[in-house]
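Bear in mind that the values in this text are calculations on the coordinates, not laboratory data. These numbers come from a predicted model, not from an experiment. Cβ: placed from backbone, ideal geometry, glycine included. Neighbour counts: every protein chain shown.
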Amino acid sequence: MAMEDYDYLFKIVLIGNAGVGKTCLVRRFTQGLFPPGQGATIGVDFMIKTVEIKGVKVKLQIWDTAGQERFRSITQSYYRSANALILTYDITCEDSFRCLPEWLREIEQYANNQVVTILVGNKIDLADKREVHRQRAEEFAEAQNMLYLETSAKESDNVEKLFLDLACVLIREAKQNTLDNNDSAPMPGEGKNISYLSCCNVN
Amino acid sequence: MDEFGSPAVRRSNAAAFSSVRTETIESLTDLDDLERVYAQLCAEEKRLYQAIQRADDILDLKFCTDGVQTALRNQDYEQAAAHIHRYLSLDQSVIELSRQGGESTAVDASLALLQEAELSLKALVTKRLEEAVVTGIARIVETHQPIVETYYGPGRLYTLLTHLQKECDVQAQKVRRITADFEIADATAAESIIREHQQCLERLLKDCQLSCTVQELIGYYIPMEEYYMRETVNKAVAMDTAEAGQLSSSMVDDVFYIVKKCISRALTSGSSDCVCAMINHAISALETDFREVLVTKLRAGFPASTLQDLHRGVTSAVSLMQSSLQQGKIQSLGIESQEQAKTAYLVTLNNVQVCSENISTLKKNLESDCAKLFSQVAGSEQAQAKIDSCLSDLVNTASKLKDLLQEEFSEYEANDPWVQQLVVQLEQLMAEFKVKKVACVFIVDDDVRSDGGRVCPQVGLYPVIYDTLTSLMTSLIAMELEKTIFKSSFSRVSEILDYWGPNSGPLTWRLTPAEVRQVLALRVDFRSEDIKRLRL
Ligand SMILES: Nc1nc2c(ncn2[C@@H]2O[C@H](COP(=O)(O)OP(=O)(O)OP(=O)(O)O)[C@@H](O)[C@H]2O)c(=O)[nH]1
Ligand SMILES: [Mg+2]
């Protein structure tokens, strides 16, 4: 096999209702733009971005799935191999929040049990149209053992942070796994109770 | 225009342009100067050329502007496209320059007209295309279905569809031509513009109603294919058989045949999403259900069966002993060990190996099939990237299965369950042995009492029985241990010689050379010639 130019490769799959802004988040992160008139995703889109975190090269393989019900059987096949899932809803759309339990059932059914799931409330630039309070979402995320973050693909708010923090968590988990496999004690500072989301220096 | 082009005229013109320098030429004394002047003249000539070209282009531009309007008015789209093509092939810098000249407003107007015409032509073509290819045909089917079915009977729609399909193919051909036209139009454009145009076109085609419907259809197909794959894989596992002398069993090849068939069928959809989804499902079938089967078989494993044989052997030895004693003689015991379980274990180990090889083959085949299929299609880069990613997951599956072998081997090395199980089983065996021994003695007692005619020194009998049984046990256990050692310790046949004959050191093997060969033959990875050739 050819020598690849990265230390880690992670698969990240975005899921959530249609129109919540999954594609916009991915495009903002991978291409640095907010696409005007972004149409609904059909099937699955695929993008790659390599980032460097504290000298560690991480290749992120990002699968942007269609939110529409009719494409589900295609998108579901990607859950199992995902290292992380970004479950997205739209803070200005109560409906997209209410569908979350349904999405969690999908995850339960199709994803592997080590998958890292982060709940993302998108479109915070539309603050005056907010329908889902931050606290409510945070509580929900905590109850379901998920990380939580609010973003705006449009204003580029927290988008970098979302992907980089996720990469950090995944690196940590990967290291933890190799430690477990080598049957040695965790290194100092590698303990589970460190807050993941503060581990990265995003800038 | 034409006389401008003739070399003689051009030269005289150039000379006239540089009349100032004629004097310089007269005063020239050395060749260097002459060369420099020649270079200057050439530069002048080139500039003149460009001026003529620009004049040409401006004329062309006007011609195109007029032409395209007329053509559009007459609905002659081919002609309009030709004009736009000509406009697009004009040097953009020239056009920019023309705008700065005296005629700038006129040129600007022409440009605006042409750009507008280009856009409206593109929109028109797209609209016509969709109408013609999709909506058109769908509408024909829709409106004609009741008529055809009413007047010609239900089965006749097929005939209509065959005709329509022909038309559909013709239209599709046109779509392809248009794609080619776009490419030609972009031939001179910058790389980024070409890419942008391609992406627009791809999005246009991808987002159209037709491809949505296709995706939806694929959405219905995938669960069925996946179900079929899972069920047939289960069936292959259930029907698993290992022919004598075969290194692996039937299920490995069956399973891969099934998986290959299913993915190939998905491939015929021509949709990368469809192929990827099926590859993903295949991976999960192989990594979960099928892997589970292999793991279970491995856990049932080699050592346990050997110990069961041993146990069975000793138990039958004890009962044989009883009957022999009753008949007054001790038979030499041939213990038929059940080789089946052992072979099954070795076949499973082999299966794992063959599986990971099969996966690699499957990956290679799919890779070339996909490359062939998707290389010409619009959006092929994206499709190829997706497929590559899914295929590399498939290869990971192969290495995960190989890890299974490694795990199996290193587990044996680390905490040798054979020895642990041996201890447990031996304890059981000894407990049983004590019971049997006592029973044996009672039988002998009875015998002696009922049949006084037999020469049987009663008192001396106990130690004899005990010794015989003990040594029998010891040798049975030792033989089985030796068999296991010969069967599992060596990675090459010749390594045995390090422990045999003069090299055996303090060990005395109970197995005969023939028995060693027999045991070695159970190893699927040893060649029988090597075993025969072994000098024991
Ligand atoms: N104001 C605002 N609008 C956004 C934001 N992100 C996405 N949108 C808009 O929301 C709409 C849907 O965005 P997409 O990214 O296509 O949504 P999606 O989740 O990919 O939808 P599907 O592909 O159908 O599942 C688009 O009109 C975007 O312009 C955001 O952060 N702020
Ligand atoms: Mg989308």
For B:GLU495 and B:ALA180 in the same chain, what is the full-extension length gain: residue separation times 0.36 nm, less their Cα-Cα distance, in nm? 106.7 nm
Fewest Cβ neighbours within 10 Å first, please rank A:MET47, B:MET229, B:MET239 accordingly. B:MET239, A:MET47, B:MET229
Cβ-based exposure ranking for A:ILE15, B:ILE52, A:ILE107, in which fewest neighbours within 10 Å come first: B:ILE52, A:ILE107, A:ILE15
Among residues other than B:ASN234 whose Cβ falls under 14 Å from its Cβ, what is the net charge (Lys/Arg +1, Asp/Glu -1)? -3
Can you list residues from other chains, or at least 5 along the same chain, whose modelled amide H is less than 5 Å from the amide H of A:ASP157? A:SER152
For each of B:THR232, B:THR162, count neighbouring Cβ atoms within 10 Å of the residue's Cβ, then give the residues from fewest to most. B:THR162, B:THR232
For the pairs A:LYS49/B:LYS386; B:LYS235/B:LYS297; B:LYS235/B:LYS260; A:LYS22/A:LYS154; A:LYS22/A:LYS161; A:LYS57/B:LYS372, note any where the Cα-Cα span goes beyond 21 Å. A:LYS57/B:LYS372
Rough spin-label spacing in nm, given labels placed 7 Å along Cα→Cβ, for B:TYR38 and A:CYS99: 7.7 nm
For a test of the definition: using alpha carbon positions, the gyration tensor, and the 1.5 limit on a/c, classify region B:198-301 as rounded, prolate or oblate. prolate
For peptide B:279-286, what's the mean number of Cβ atoms from other chains within 10 Å of each residue's Cβ? 3
When the Kirkwood hydrodynamic radius is evaluated over all pairs of different C-alpha atoms of region A:8-180, what value in angstrom, to one decimal, is obtained? 16.1 Å
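Residue separation times 0.36 nm, minus the C-alpha to C-alpha distance between B:SER360 and B:GLU116: what's the value? Spell out each step's value before the answer.
Working: separation 244, 0.36 × 244 = 87.84 nm, distance 5.40 nm.
Separation in residues times 0.36 nm, less the Cα-Cα distance, equals 82.4 nm.
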May I ask which residue of A:GLY121, A:TRP63, A:ILE15 lies farthest towards the positive end of the charge dipole of region A:8-180, with charges of +1 (Lys, Arg) and -1 (Asp, Glu) on Cβ and the Cα centre as origin? A:TRP63
5 Å is the cut-off here: which amide hydrogens, built 1.01 Å from N in the peptide plane, fall below it relative to A:THR92, excluding neighbours closer than 5 in sequence? A:GLU131
Could I have the simple spin-label model distance between B:SER192 and A:ILE48, label points 7 Å from Cα toward Cβ, reported in nm to one decimal? 2.3 nm
FRET efficiency for B:TYR77 and B:ALA109 from the Cβ-Cβ distance with R0 = 30 Å, rounded to 0.05, comes out at 0.85
Which residues qualify? For A:PHE46, with a placed amide H closer than 5 Å and at least 5 residues away or on another chain, they are A:ASP64
At A:LYS129 and B:CYS168, where each label point lies 7 Å from the Cα along Cα→Cβ, what is the point-to-point distance in nanometres? 3.9 nm
Using alpha-carbon positions, the gyration tensor of region A:129-181 gives root eigenvalues a ≥ b ≥ c; with a/c under 1.5 called rounded, otherwise prolate if a/b exceeds b/c, else oblate, the class is oblate
Cleavage-rule hits (trypsin sites (Lys or Arg not before Pro)) in region A:1-108: DSSP loop, at most 16 neighbouring Cβ within 10 angstrom: A:LYS54
Subtract the Cα-Cα distance of B:ALA238 and B:LEU481 from 0.36 nm times their separation in residues, and report this length gain in nm to one decimal. 84.2 nm
Taking B:LYS532 as the anchor, which lysines have their alpha carbon closer than 16 Å to its alpha carbon, excluding any fewer than eight residues away along the same chain? B:LYS487
